[in-house]
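Below you'll find the structure, written out as structure tokens, and then a few comments.
The values are calculated or read from the model by the stated rules, or taken from the named source; none is laboratory data. Values in this document were obtained by computation on a predicted structure and should not be read as measured data. Reconstructed Cβ throughout: ideal geometry from the backbone, glycine too, with neighbour counts over all protein chains shown. Just so you know, the surface numbers come from the protein's heavy atoms only, side chains and all, with ligands and any DNA or RNA stripped out. Shrake-Rupley method; radii C 1.70, N 1.55, O 1.52, S 1.80 Å.
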Amino acid sequence: MQAIIHQWAFNGSFDQLVSLPRQELVNDWFGYDVEPSAEFTFATDGQYLWFLAARNREATVHPDARPGQFQPELWRYDLAEWFLASGEGTNYWEFNLAPNGAWWACILTDEGWCAMARIPLNELRGVDIRDCKLAATFILETPDQIFLTTADDLSGEPDFHRPDCFSTPILK
């Protein structure tokens, strides 16, 4: 599944990010239906790469995770991730986004969550957003984790760390 990166001709904001159409992941790594689906959207304003992840279901957050702080092993609990690689490279950036915090805006309720982040493009050394590979992923329903991704190859056990399986995003 190719991710869409919406292109803004103006400075972006989290309010504008929320208003963009979202893509859905409706099946897990093994092809099973996921209800409710996980949703995401990407955007760029030329200065930042913006990311939104959401799901209309309560989340299980790492008990030590604090908004705005690094937390090791965040993936052991519900989260969204995205992976970004140069068009030809095997090195990649990995970003983990828990429903409760990092340098992003967040809404967390009993009914669901919506988490957002923005990354300065000039910090993504070696990656040109116009020529890159991208994968949006989710780990959900902790402790019985399910794995969702936009990656092309879902063979074997869940493994999001395969840049050769990331897709070229559609700039829209």
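Summary of values
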quantity	calculated
Residue list for segment 1-48, restricted to those being within 17 Å of the chain's Cα centre (by Cα) and farther than 20 Å from M116 by Cβ	M1, Q2, V26, N27, D28, W29, V34
Test: residue in segment 74-91 that is more than 21 Å from Q2 (Cα to Cα) and surrounded by 20 or more Cβ atoms within 10 Å (Cβ to Cβ)	yes
Residue match in segment 106-114 (condition: surrounded by 21 or more Cβ atoms within 10 Å (Cβ to Cβ), closer than 17 Å to W93 by Cα and modelled with pLDDT of 90 or more)	no
Enumerated strands (runs of 3 or more DSSP E) restricted to segment 13-117, each holding at least 1 residues that are of a type in the set (D, E, K, R)	23-27, 33-44, 48-55, 79-86, 92-97
Condition broken by G126, with the remaining ones in (1) in contact (Cβ under 8 Å) with a residue 60 or more places away in the chain; (2) farther than 22 Å from L17 by Cβ; (3) open to solvent by 20 Å² or more (accessible area, probe 1.4 Å) satisfied	(1)
Subset of segment 34-64 (residues that are free of Cβ contacts under 8 Å to residues at least 40 places away in the same chain and either within 23 Å of W8 (Cβ to Cβ) or buried (at least 18 other Cβ atoms within 10 Å of the Cβ) (or both))	S37, E39, T41, A43, D45, H62
Leading residue by the ranking (farthest from W93 (Cα to Cα)) among those in segment 118-166 that are charged (D, E, K, R) and assigned to a helix (DSSP H, G or I)	D164
